[in-house]
Amino acid sequence: MATEVRPGTEPTAIPSDLGQLSSADRMALMRHMLLMRGIEERAMSLYRQGKVPGSFYDGYGQEAISAGAAFAMGPRDRLCILHRDLAAHLVRGVSPVRILAQYMGRAGGVTEGREGNVHFGDPELGCVGMVSMLPDMMLVATGMAMAFKMRGEARCAITWVGDGATSRGDFHEALNWAAVQRLPVIFVLENNQYAYSTPLALQFAVDPVERARAYGFPGERVDGNDVEAVFEATRRARERALAGAGPTLIEAVTMRMHGHAAHDDMRYVPTALVEEWRERDPIDRQERRLAGLGVDVAALREQVSEEIAQAAAQALDSPMPDPASAGEGVFCVGEPQPLGDGLAPWSGFDAEADDA
Amino acid sequence: MPELTYLQAISDGLREEMRADERVFVMGEDVGAFGGAFKVTDGFQEEFGTERVMDTPLAESGIVGTAVGAAVVGMRPVCEMQFADFISCGFDQLVNVAGKMHYRQRLAVPITIRLPSGGGFSGGPFHSQNPEAWFMHAPGIKVLAPATAEDAKGLLSAAIRDPNPVCFLEHKNLYRRVKGEVPEGRYVTEMKARVARPGSDLVVIAHGAMVWSALEATDDLDGASIEVLDLRSLVPLDEQAILDSVERCSKVVVVDEANATCAAGAQVAALIAERGFEHLDGPVVRVAAPDVPIPFSPPLERAVLPQPEDIREACRELLAY
């Protein structure tokens, strides 16, 4: 059943046991969220120091959505990840040093300086980087799922989209296409209340999760600040997908806690709204949950910040790309390299592998 | 060798590639049960099934976007735009997602977009366009425009086997009008220009249907020796073949059926100005459609699309220069 979460309502009760996650899984979810926040905080300060060119976009307060959803995906699943979803890259296995090098336009960044901020996907880990035209990647994910179905493979594609992207045609084309062909694809709609400065009321007249049913498949609303709830919704959507039951739209309700990008002071957002959502911070919530289980979260935080400090030092020390290489790679020459498989740390996949 | 129409040659090439490589599949509007608006895929569904000859929703962005997704996980989609004009609805997916993918993240996108293009039969403003230049300007996309049946088959095979996004412009006015001997079996035509008729006094450079207009216009031009260079591939552009022709002939007429501004021929003219200037014995002359939409009514359409008489006149003036 959909979990109703709206600004102004009390956070939903946190289930003590979702049944699918081991203690190690719960720690891992926390770790990925902490890594995402820590890396982005470090990157923001590097941006302010002039070390990150262009602009900088982060997903502060939205860490649960990418961490939780990516955690439900198998190694052979494929991901098209959005710009406030750094934790999905971390779950798949991209190292912090490559991410920080990416932000700074270094040769060792995931795109070797070709692209900035979170516009990347490591092909070796089964990910395809986003473009700025949103939500173009919904169709790409749909096409991946189409190929999986054509080849009879038990695999799934997933992509994340924002509330603003629901207004564009590609959103509708993808939902319709996926429904008509009953494709194994999951659309995670990250509703963070604002598309740049535009609030939801100026974006749609019907909550987009309702549209799923109109196209002919389930839409489910979850608390986007509860990493385990996001995981569970995605896990079930994947199960449906692999069973041949078609796509799912998951609306993860959250709040964009920072500006659209580093330059944006978001004066258009009422302070009270931000404060209210600060109380529902996804990391604090997972921390309370873990503390209840007797986990030493302070030690985990310490470990993560040490890892980020080392990665930042290494990235800062790494070279910029050679200007002479700027013209290379426009076309592929020779046989294309296929996408590789990513990490899939959820313990449930061990059981899945045992079944196979 | 069997004699096939340009359209049959395209079907033949596509069928051969599908038989040889199970990753290749066709997707588009009405390509399956109906066999395509122009019947290029007639009978394909019977041979290859409904999944490999896929009738899609009416969604061009969806066609290109899902093809990109299928391609990056190992398929070789061949997308049909019912008319080339409709690629405007898939422009973003092609130019921003497909075209920039390999440069941005070293991920190949082997898709072929078949674009039934061109005018000459009262198709009107939305069924007559020649959109090749839109994609020549966008990095990462190859652009092919065959004129003969043999090249149509060989270049389509080349497009399908290429690891990059390829726009394949098949001229509708050649579908049934042009016939030629076409080798059986699979073969690939190189993405290079072809001397359609050698000459030494003047070269007409063209692609697609304009190759035939150029040949007709200069078949007997007051005894002058007129070369016709068929570009065949616009990206990559065979710069050496163009410069060789300029060196041989010293006078150049460049023909486009497309609207003149920034057309493929404008790029050819710029290339010649930059690198062939010393071989010229006169100005580079362009013949192209004026910058107006392609009108419906036959006399209006004839007035807009370059006719053999226009090419003949341009050649005569340049020969007299």
Expressed as a whole-number percentage, the relative contact order of chain A with C-alpha contacts under 8 angstrom and at least six residues apart is 26 percent
Would you please give the FRET efficiency between B:Gln307 and A:Arg213, computed as 1/(1 + (r/R0)^6) with r the Cβ-Cβ distance and R0 = 56 Å, to the nearest 0.05? 0.50
Segment B:105-147: mean projected area of Cα convex hull, nm²: 4.1 nm²
In a Gaussian network model of chain A with springs linking alpha carbons closer than 10 Å, the residue among A:Ala87, A:Ala299, A:Ala237 that fluctuates most is A:Ala299
If we sort B:163-176, A:189-202 on the protection proxy, mean other Cβ atoms within 10 Å, highest first, what's the order? B:163-176, A:189-202
Could you tell me how many degrees, from 0 to 90 and to the nearest 10, lie between the Cα long axis of helix B:239-249 and the main elongation axis, the longest principal axis, of the Cα atoms of chain B? 20 degrees
With the cut-off at 19 Å, tell me which of the pairs B:Lys153/B:Lys179; B:Lys100/B:Lys142; B:Lys39/B:Lys153; B:Lys39/B:Lys172; B:Lys39/B:Lys192 have Cα atoms farther apart than that. B:Lys39/B:Lys192
Want the number for B:Tyr321 to B:Lys179: 0.36 nm per residue separation, take away the alpha-carbon distance, what's left? 47.5 nm
Considering every residue in B:105-114, what mean count of other chain Cβ atoms within 10 Å of its Cβ is obtained? 5
Counting only DSSP beta bridges with both residues in segment B:3-181, what percent are antiparallel, rounded to the nearest 5? 15 percent
Once the Cα atoms of helix B:308-319 and of chain B are each reduced to a long axis, what angle between those two axes, in degrees from 0 to 90 to the nearest 10, is obtained? 40 degrees
Report the GluC sites (Glu not before Pro) located in segment B:233-280 that are in a DSSP loop and have at most 15 other Cβ atoms inside 10 Å of their Cβ, or state none. none
At 0.36 nm per residue, minus the direct Cα-Cα distance, what do A:Phe204 and A:Met320 gain on full extension? Give it in nm, one decimal, please. 37.4 nm
Determine ³J(HN,Hα), in whole Hz, for all residues of segment B:196-207 in sequence, where each value follows from phi through the Karplus function 6.51 cos²θ - 1.76 cosθ + 1.60 and θ = phi - 60°; x replaces Gly and Pro. 6, 8, x, x, 9, 8, 6, 10, 9, 9, 8, 8
Go through segment A:277-356 and name the GluC sites (Glu not before Pro) that are in a DSSP coil and have 16 or fewer other Cβ atoms within 10 Å of their Cβ. A:Glu279, A:Glu328
Sites A:Ala245 and A:Ser23 - FRET efficiency at Förster radius 22 Å, r taken between beta-carbons, to 0.05: 0.10
Compute the separation of the alpha-carbon centres of segment B:267-288 and segment B:211-242 and state it in Å as a whole number. 14 Å
How high is the relative contact order of segment B:194-319, given as a whole-number percent (alpha carbon pairs under 8 Å, six or more residues apart)? 28 percent
Can you work out the Karplus-derived ³J(HN,Hα) for every residue in segment A:62-67? Use 6.51 cos²θ - 1.76 cosθ + 1.60 with θ = phi - 60°, whole Hz, and x for glycine or proline. 10, 4, 5, 6, 6, 5
Calculated FRET value between B:Leu243 and B:Asp222, using beta carbons and R₀ = 30 Å, to 0.05: 0.70
Take every residue in peptide A:109-118, count the Cβ atoms of other chains within 10 Å of its Cβ, and give the average of those counts. 2
Scoring chain B by relative contact order with C-alpha pairs under 8 Å, at least six apart, yields a percentage of 17 percent
So what is the calculated 222 nm ellipticity per residue for the protein assembly as shown, using -39500 (n - 2.57) for each DSSP H run with n of 4 or more, over all residues, to the nearest 500 deg cm²/dmol? -11500 deg cm²/dmol
Run the quick spin-label model on A:Thr271 and A:Ser45: label points 7 Å from Cα toward the beta carbon, then report their separation in nm to one decimal. 2.6 nm
Tell me, what HN-Hα J-couplings in whole Hz come from the Karplus equation 6.51 cos²θ - 1.76 cosθ + 1.60 at θ = phi - 60° for each residue of segment A:193-200, using x for Gly and Pro? 6, 9, 9, 6, 9, 8, x, 4
Taking every alpha carbon pair in segment B:79-203, what does the distance histogram look like in 10 angstrom bins from 0, in percent? 12, 40, 33, 13, 1
Based on alpha-carbon positions alone, could you give the equivalent ellipsoid semi-axes of the protein assembly as shown from the gyration tensor, as √(5λ), descending, whole Å? 52, 26, 22
C-alpha long axis of helix B:264-275 to longest principal axis of chain B, angle in °: 50 degrees
I'd like to compare B:119-125, B:9-15: which one has the highest average count of other Cβ atoms within 10 Å, and what's the full order after that? B:9-15, B:119-125
Averaged across the residues of B:54-60, what count of C-beta atoms belonging to other chains lies within 10 Å of each residue's C-beta? 4
If each K or R counts +1 and each D or E counts -1, the residues other than A:Asp341 whose Cβ falls under 13 Å of its Cβ total 0
Near the amide H of B:Val204, under 5 Å away, which other amide H atoms are found, from residues 5 or more places off or on another chain, if H is placed in the peptide plane? B:Glu227, B:Val228, B:Leu229, B:Val253
At q = 0.07, 0.09 Å⁻¹, what is the log10 ratio I(q)/I(0) for chain A, with the Debye formula run over Cα points and no solvent? -0.27, -0.46
Packing-wise, with mean Cβ within 10 Å as the measure, how do A:258-265, A:212-219, A:163-170 rank, highest first? A:163-170, A:212-219, A:258-265
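Readers should treat all values here as calculations from the given coordinates under stated rules, not as data from a laboratory. Here the structure is a predicted model, which is why all the values come from computation and not from measurement. So basically every Cβ, Gly included, is an ideal-geometry build from the backbone, and we count neighbours across all protein chains shown.
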